[in-house]
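Please read the structure below before turning to the comments.
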Amino acid sequence: QVRLVESGGGLVQPGGSLRLSCAASGSIFSINAMGWYRQAPGKQRELVAGISRGGTPNYADSVKGRFTISRDNAKNTVYLQMNSLNPEDTAVYYCDAEIRPGETLRTGHYWGQGTQVTVSS
């Protein structure tokens, strides 16, 4: 069984920073792309940032220059460093990973439970 566990959310003032982490555990043969999504109240879930297994990142326009995604393949962990946060970044942030749970099994998308990020003074 594969699990993704996020951590690092919380309350921060505008202009502040947070670092999110997401660790994958369980029966894992390989992990391809990993990423972060967010969902604000009343809005659809949107991609924030993604990163390939080789480390190539991509970002939503709204976070370019402020957020940095990285990963540690040895730890099956993806990170999201968020700087210059503003109230529009308030949302539940979800980790997503393309995981092949076994050598003979198909790759599938797995999601974390989400972590709340609130930007407010």
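General remarks:
- Note on the chain: percent of Cα-Cα distances in each 5 Å bin, starting at 0 and stopping at the bin with the largest distance, equals 2, 12, 23, 24, 18, 10, 6, 3, 1, 0, 0.
- Among the trypsin sites (Lys or Arg not before Pro) found in the range 1-68, those both in a DSSP coil and sparsely packed, with 16 or fewer other Cβ atoms within 10 Å of their Cβ, are 43, 45, 53, 64, 66.
- Fraction of beta bridges assigned by DSSP in the chain that are antiparallel (%, nearest 5): 95
- Each label point was placed 7 Å from the Cα along the Cα-to-Cβ direction; for residue 3 and residue 66 their separation is 3.3 nm.
- Net length available on complete extension from residue 28 to residue 45 is 3.5 nm, with 0.36 nm assigned per residue and the Cα-Cα distance removed.
- Overall Cα dimensions of the range 46-90, principal axis frame, Å, largest first: 34, 18, 16
- GluC sites (Glu not before Pro) within the range 72-121: DSSP coil, no more than 14 neighbouring Cβ in 10 Å: 103
- Cβ-Cβ distance of residue 19 and residue 103, R₀ of 30 Å, FRET efficiency by 1/(1 + (r/R0)^6): the value works out to about 0.35.
- Carbon + sulfur, % of accessible area of the chain - ligands and nucleic acids excluded, 1.4 Å: 46
The values are calculated or read from the model by the stated rules, or taken from the named source; none is laboratory data. All values reported here derive from a predicted model rather than from experimental measurement. Here the Cβ is made from the backbone with ideal geometry for all residues, glycine too, and neighbour counts use every protein chain on show. SASA here: full protein model, heavy atoms, side chains in, ligands and nucleic acids out. Shrake-Rupley method; radii C 1.70, N 1.55, O 1.52, S 1.80 Å.
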